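Notes to accompany the following structure.
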Amino acid sequence: MATKKKDGAKRDVPSSMGRKTAAMMVEPAKGKLGVMVVGLGAVATTMIAGVEAVRRGLAKPIGSLTQMGTIRLGKRTDNHSPLIKDFVPLADLKDIVFTGWDIFEENVYEAATHAAVLDPETLKKLKPYLSRIKPMPAVFDRYYVKRLDGKHVKKGKNKRDLADQLRADIRAFKKTVDRVVMIWAGSTEIFLKPTAVHKSIEAFEKGLEKNDPGIAPSQIYAYAALTEGVPFANGAPNLTVDFPAMIELSKQNAAPICGKDFKTGQTFMKTVLAPAFKARMLGVKGWFSTNILGNRDGEVLDEPHSFKTKEESKLGSLEYIFQPDLYPDLYSDIYHKIRINYYPPRGDEKEAWDNIDIFGWLGYPMQLKIDFLCRDSILAAPIALDLVLFLDLAKRTPDLRSLGIQEWLSFYLKSPQTAKGLYPEHDLFIQSMKLKNTLRHIMGADLITHLGLEYYD
Ligand SMILES: NC(=O)c1ccc[n+]([C@@H]2O[C@H](COP(=O)([O-])OP(=O)(O)OC[C@H]3O[C@@H](n4cnc5c(N)ncnc54)[C@H](O)[C@@H]3O)[C@@H](O)[C@H]2O)c1
């Protein structure tokens, strides 16, 4: 069955839809979606320039599930797999308006040129549009990102004052658009562990007044967003929304959050291969991962305190996928090591090597080597776009918006966030199924279990 969208476009809705109609469940994506990006560096400018290039028909949105992905509805024999963006009411790319903050004054054209991810010819075609996007002064403190120093920063009497200034920026932007989402594409901050200040909204607000050192700039942005009811995505491994005060704030203000750290290159591969070894009951002895990277992110990660934050985020996936407690003979003794080396000649074109020592039947050893010559921001930009669009969808979905954590978005993140007591799902294919089933669920379609016995009746 096909229904008409409010804007007149056709939308696929399965004939098996239950009591509720789609319109009752998810509010339409009417008007402009404002996207506030923290940190207009390589990932952010590649996303913004990419969206504009796609809008102008200059390129295809490759790597973006929201733009290119389909979703199967009903039985395999129904042959019904509409585009995701025709099935759920997502904001159209033409309705996205970007703004952001950075510690450098460069506009998005200058920052993109500096990042050198996209070629100069493409950027020139987009120059008038990109030059108009100028960053607002940032909330920044060198204590948390030691390798950076920028002058385009806000001044305030304490962290509470800085949060209020960000809230004023959000309110001013809200007047120009219909809905707002915020995404952190800023640098990796030093490693922080949750403390007493993170335990409740009240403690956090006191901490803002008292300039508690446990409150990093990324948390101040997230606090401002969630307090204003704005969904927040975290592209970095920072401690930002993954503690009780933020989870409470997210639920209280119906401002969805998800996990952290874009799952782009090496961890993406890990969460594909590790489930494959486990599915076949092949053992793993060691997994050595190393990277060379020459962009500004690489420079920041060259500093041990920022690297520690990234390392923790990257390490988590294998432990959860392999479940060594369930499979002690196969996975209880894995040596897992991760290295990131700053190597300027490569710029954004990272190279990631993995050496995996596995073992099979009767314990016989084997090895697998991966050499992934990837482009960091080319992989991250579509993820950032999808997170923004799906968080906006979550905000318009009564079933989702007050849950706080959107576990179904784990698909995009190295460190998924879950309800208390739940272990995170890192397996990419479980995550993909969870995401698509969530979309089916909110649209009232039948979930797909892949059981398939009905075909043999
Ligand atoms: N590219 C990837 O594949 C990938 C994958 C996972 C995570 N990430 C993370 O995404 C983030 C962005 O990566 P990138 O390659 O674009 O880095 P980048 O260094 O090019 O950009 C980061 C930008 O954030 C700005 N910034 C830092 N602190 C800020 C603050 N407090 N307020 C406003 N702006 C601030 C910096 O000035 C810089 O322009 C990094 O944390 C990185 O670790 C990237």
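The values are calculated or read from the model by the stated rules, or taken from the named source; none is laboratory data. Note that the structure is predicted; figures quoted are calculated from it, not measured. Here the Cβ is made from the backbone with ideal geometry for all residues, glycine too, and neighbour counts use every protein chain on show. Keep in mind that these areas ignore ligands, DNA and RNA; they rest on the heavy atoms of the full protein, side chains included. Shrake-Rupley method; radii C 1.70, N 1.55, O 1.52, S 1.80 Å.
Give me the pairs: first residue in the range 373-394 and under 13 Å from Thr264 (Cα atoms), second residue basic (Lys, Arg) and within 9 Å of the ligand (Cβ to nearest atom), beta-carbon distance under 6 Å, and six or more apart or on different chains, which are they?
Cys374/Lys350; Asp376/Lys350
When Asp325 is evaluated against the numbered criteria (1) more than 28 Å from Leu40 (Cβ to Cβ); (2) modelled with pLDDT of 85 or more; (3) open to solvent by less than 80 Å² (accessible area, probe 1.4 Å), which criterion, by number, is the only one it fails?
(3)
Is the range 32-42 home to any residue that is of a type in the set (A, V, I, L, M, F, W, C) and out of contact with any strand residue (DSSP E or B) (no Cβ under 7 Å at 6 or more places or on another chain)? First the steps, then the outcome.
Let us first name the residues in the range 32-42 that are of a type in the set (A, V, I, L, M, F, W, C), namely 33, 35-38, 40, 42.
From what's left, out of contact with any strand residue (DSSP E or B) (no Cβ under 7 Å at 6 or more places or on another chain): 42.
Yes - at least one qualifying residue is present in the range 32-42.
Is there a residue being on the phi < 0 side of the Ramachandran plot, of a type in the set (Ser, Thr, Tyr) and in a loop (DSSP other than H, G, I, E, B) anywhere in the range 360-368?
Yes, the range 360-368 has at least one match.
All but one of (1) on the phi < 0 side of the Ramachandran plot; (2) crowded, with 23+ Cβ neighbours inside 10 Å; (3) within 12 Å of the ligand (Cβ to nearest atom) hold for Phe268; state the number of the condition that does not hold.
So the condition that Phe268 fails would be (2).
Considering only strands (runs of 3 or more DSSP E) fully contained in the range 214-302, which possess at least 2 residues that are within 13 Å of the chain's Cα centre (by Cα) and not acidic (Asp, Glu)?
Details: elements: 232-234, 257-262, 283-293.
Of the strands (runs of 3 or more DSSP E) lying wholly inside the range 214-302, those with at least 2 residues that are within 13 Å of the chain's Cα centre (by Cα) and not acidic (Asp, Glu) span 232-234, 257-262.
Kindly indicate whether Leu326 is within 16 Å of the ligand (Cβ to nearest atom), of a type outside the set (Gly, Ala, Ser) and out of contact with any strand residue (DSSP E or B) (no Cβ under 7 Å at 6 or more places or on another chain). Even if it seems obvious, please write down each step before you answer.
Numbers: within 16 Å of the ligand (Cβ to nearest atom): no; of a type outside the set (Gly, Ala, Ser): yes; out of contact with any strand residue (DSSP E or B) (no Cβ under 7 Å at 6 or more places or on another chain): yes.
Considered against the rule, which asks whether it is within 16 Å of the ligand (Cβ to nearest atom), of a type outside the set (Gly, Ala, Ser) and out of contact with any strand residue (DSSP E or B) (no Cβ under 7 Å at 6 or more places or on another chain), Leu326 comes out as no.
In this structure, is Leu413 at pLDDT 95 or above, more than 21 Å from Leu379 (Cβ to Cβ) and open to solvent by less than 30 Å² (accessible area, probe 1.4 Å)? First the steps, then the outcome.
Details: at pLDDT 95 or above: yes; more than 21 Å from Leu379 (Cβ to Cβ): no; open to solvent by less than 30 Å² (accessible area, probe 1.4 Å): yes.
Criteria not met by Leu413.
Return the residues of the range 92-113 that are more than 22 Å from Leu389 (Cα to Cα), away from the ligand (no atom under 11 Å from the Cβ) and among the β-branched types (Val, Ile, Thr); say none if nothing qualifies.
Result: Thr113, single match.
Within the range 1-45, which residues are among the polar types (S, T, N, Q), modelled with pLDDT of 50 or more and open to solvent by 10 Å² or more (accessible area, probe 1.4 Å)?
Start the filter on the range 1-45 by keeping residues that are among the polar types (S, T, N, Q), which leaves 3, 15-16, 21, 45.
Right, trim to modelled with pLDDT of 50 or more and you get 21, 45.
Selection gives Thr21 alone.
Could you check how many residues of the range 37-59 are of a type in the set (Val, Ile, Thr) and in contact with a Gly (Cβ under 6 Å, 6 or more places away or on another chain)? Before the answer, list the steps.
First, pick out the residues of the range 37-59 that are of a type in the set (Val, Ile, Thr): 37-38, 43, 45-46, 48, 51, 54.
When the remaining residues are screened for being in contact with a Gly (Cβ under 6 Å, 6 or more places away or on another chain), the result is 37-38.
Matching residues across the range 37-59 total 2.
Restricting to the range 271-304, name every residue that is among the small types (Gly, Ala, Ser) and within 16 Å of the ligand (Cβ to nearest atom). Write out each step before concluding.
Of the range 271-304, the ones among the small types (Gly, Ala, Ser) are 274, 276, 279, 283, 286, 289, 294, 298.
Of everything in the range 271-304, those that are among the small types (Gly, Ala, Ser) and within 16 Å of the ligand (Cβ to nearest atom) turn out to be Ser289, Gly294, Gly298.
Which residues, counting only those in the range 335-348, are within 21 Å of Ala112 (Cα to Cα) and touching a Leu at 6+ places or on another chain (Cβ under 7 Å)? Walk me through how you get there before you give the answer.
Start the filter on the range 335-348 by keeping residues that are within 21 Å of Ala112 (Cα to Cα), which leaves 342-348.
Of everything in the range 335-348, those that are within 21 Å of Ala112 (Cα to Cα) and touching a Leu at 6+ places or on another chain (Cβ under 7 Å) turn out to be Tyr342, Tyr343, Arg346.
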